[in-house]
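To start, the structure itself, in C-alpha cells.
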Amino acid sequence: MSQYTEQSKALEDFPENCFISLRRSVMPWNAVCLWCCFALAFVSTNVHGDLQQHSDYDDQKTHMKALSDMNNNFAFRLYKSIVSVAQSENVFFSPLSVSMALSALSLGAEGETHEQLLSGLGFSDTVMTSEELHNAYLDLLRNLSQRTGVDLNVGTAVYVNETFKPHAEFLEKIANFYLSEGFSVDFTQTKKTSNQINKYVSEKTQGKIRRVIKELDSCTLMYLLSYIYFKGKWSIPFDPQNTRKAKFNVDAKTTVPVQMMNEINNFYIHSDAELSTTVLRLDYNDSFSMILALPKDLTVLQEALLPQHIENWTKKISKSKYEIHLPKLSLKTSYSLINILTGLGMKDMFTDKANFAGITDENIYLSEAVHKATLDVDEVGATATAVTKMHFAARIQPTSLKFNKPFMIFIIDQETKSILFMGRIVNPKNSNIDE
C-alpha cells in the first residue's frame, strides 16, 4: 500500500468486515485489537483493483484447491467452537472473512505467533509455502471479482494512526495480496474516527452493519479489517403471494410464528441416510448456492458433519419435484473470538508473548477479536431471464419439504468450492441483536 487517504470517501460497498486495531495502553505492551465483522445480505461479492498474473495455471488451480480445503476445514472447526458457547442460539458467520483477516495478520507475525496463526488456520507447508498461501488468496479474490451474476465484494482496509509508522513492507504485502485500502486517521479524536470507520463499514455492507465501533480507545494505533458482501437472486424465486404465516418448532415444547415462503418446482434434493438429513440446494445466479440441511436431530448432524459431507451432497444431489416451505429470515450475529481462537491454538497473539515484529518494532498484542454477520432470506429470486418456474396439474401432488424446525445453512461458491458463510437456524424469531 503506497498511499493513505485521510477520509473514507467515495468508498465501494462491501458487507463483511474484520477489524484489527493496534492500541497503546497503560501496560508495558501495546494492544492490537482485532475486530472481525461480517455481514451477508443475500448473495453476492465484489473485489476491486487490477490484479496481475503471478502463477501458472496448474499451480494456481492446485493452490486454490488447497486454500479451499484449508478454509473449509477451518470453517467447521470454527463453527463447532462457536456452537459450544452459543448453546441454543442461532449461529451465522463467514469463515472466509475470518480466515482472510487472520491470514492477512500473519503477514506481520513472526516466530511462534506466526506458527500458531498458520497452524490454527490449518495451513500445512507440505502442501504450499506461506507465500503461495497469500498468492492463493489473491487468486481467489481475482476469481471472485470476475463474477457478474451476483453482487460480491471482498477485500481489506487498514486505518493507521497518523503518528504510528507500521513497517512499509507489511502495508505493501497486505495491499498486494489482500487488496487493502489504507486510511490515515487521528485516533485521539475518538468520536470523529469512530464515525468514519462506522460509515465505511456501513457503506461496504450496504447498511447491514451500521455501527461496528461503540467506543474507540484513544490509544489505538491501527485497525485492519476484512469484509465480504454477497447479494444474489434465486434462480428459482419464491412467489410472495404464496408466503403464509406458519409455526416453526424450536423444540418439542416451543413453537414460534414465522412468515413461511412456499414454492412448487423442480429443486435439487438429496437424502443423506447416514446423517438422517434432507439436503436442499437453492441456486443463485452465477455459481453460488445456498445449501440447507434439515436433520432429524440437529445435535447429531453438528457433531458428525465434515466438509467431505458437503462434497458428497454436491455429487449426489439431483432434481426432484418438491413443494418447499422455507421461513423468511433476517439475522444478525456478533461473536467475541478471543476464547474461540485461543481454543484453536492461536493464543500468543492475545498475550505479552505476541510477536508482531513484521508490523512494528513496538511490543503489541491483540486485545479484542469480534465477528459480526447478517443474513437476509426472502422471496426475491431470479431475474426475468432466469425464471424457470413450472406449473403442475392439480392431480400431481409434489413431495413436501418443510423447514419448520432447526436446520443448518451454507452459502457456497460452487466454482472454487469455498464456504463463504455457514450457520444454523434454531429460532427465526430470535434474529436480531443490538449493534
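At-a-glance table
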{"quantity": "Single residue of the stretch 66-82 satisfying the filter (closer than 14 Å to LEU341 by Cα and among the charged types (D, E, K, R)) that is surrounded by the most Cβ atoms within 10 Å (Cβ to Cβ)", "calculated": "ARG77"}
{"quantity": "Residue ranges of strands (runs of 3 or more DSSP E) in the stretch 267-361 with at least 1 members more than 22 Å from the chain's Cα centre (by Cα) and among the aromatic types (Phe, Trp, Tyr)", "calculated": "318-327"}
{"quantity": "Boolean, VAL85 is touching a helix residue (DSSP H, G or I) at 6+ places or on another chain (Cβ under 8 Å), in contact (Cβ under 8 Å) with a residue 12 or more places away in the chain, surrounded by fewer than 17 Cβ atoms within 10 Å (Cβ to Cβ) and not in a helix (DSSP H, G or I)", "calculated": "no"}
{"quantity": "Scan of the stretch 216-225 for residues that are in contact with a helix residue (DSSP H, G or I) (Cβ under 8 Å, 6 or more places away or on another chain) and of a type in the set (A, V, I, L, M, F, W, C), ordered by number", "calculated": "LEU216, LEU224, LEU225"}
{"quantity": "Residue count, the stretch 354-377 (criterion: surrounded by fewer than 23 Cβ atoms within 10 Å (Cβ to Cβ) and over 27 Å from LYS80 (Cα atoms))", "calculated": "7"}
{"quantity": "Single residue of ILE213, ILE228, ILE209 found to be farther than 24 Å from ILE411 by Cα, among the aliphatic types (A, V, I, L, M) and touching a helix residue (DSSP H, G or I) at 6+ places or on another chain (Cβ under 8 Å)", "calculated": "ILE213"}
{"quantity": "Matching residues, the stretch 247-285, being over 23 Å from LYS231 (Cα atoms) and surrounded by 21 or more Cβ atoms within 10 Å (Cβ to Cβ)", "calculated": "PHE248, THR277"}
{"quantity": "Residues satisfying the stated conditions in the stretch 258-295, i.e. aliphatic (A, V, I, L, M) and without any contact (Cβ under 8 Å) to a residue 12 or more places away in the chain", "calculated": "ALA273"}
{"quantity": "Unique match (being in contact (Cβ under 8 Å) with a residue 40 or more places away in the chain, out of contact with any His (no Cβ under 9 Å at 6 or more places or on another chain), in a strand (DSSP E or B) and surrounded by 24 or more Cβ atoms within 10 Å (Cβ to Cβ)) among ILE228, ILE197, ILE209", "calculated": "ILE228"}
{"quantity": "Some residue of the stretch 115-124 being part of a helix (DSSP H, G or I), at pLDDT below 95, within 26 Å of ASN355 (Cβ to Cβ) and in contact with a Leu (Cβ under 9 Å, 6 or more places away or on another chain)", "calculated": "no"}
{"quantity": "Residues within the stretch 110-161 that are surrounded by 21 or more Cβ atoms within 10 Å (Cβ to Cβ) and over 22 Å from the mean Cα position of the chain (by Cα), tallied", "calculated": "4"}
{"quantity": "Pick from the stretch 84-109, criterion aliphatic (A, V, I, L, M) and either under 11 Å from the mean Cα position of the chain (by Cα) or more than 24 Å from ASP69 (Cα to Cα) (or both), ranking: modelled with the lowest pLDDT", "calculated": "ALA86"}
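The values are calculated or read from the model by the stated rules, or taken from the named source; none is laboratory data. This one's a predicted model, so the numbers in the text were calculated from it and none came from an experiment. Backbone-built Cβ (ideal geometry, glycine too); neighbour counts: all protein chains shown.
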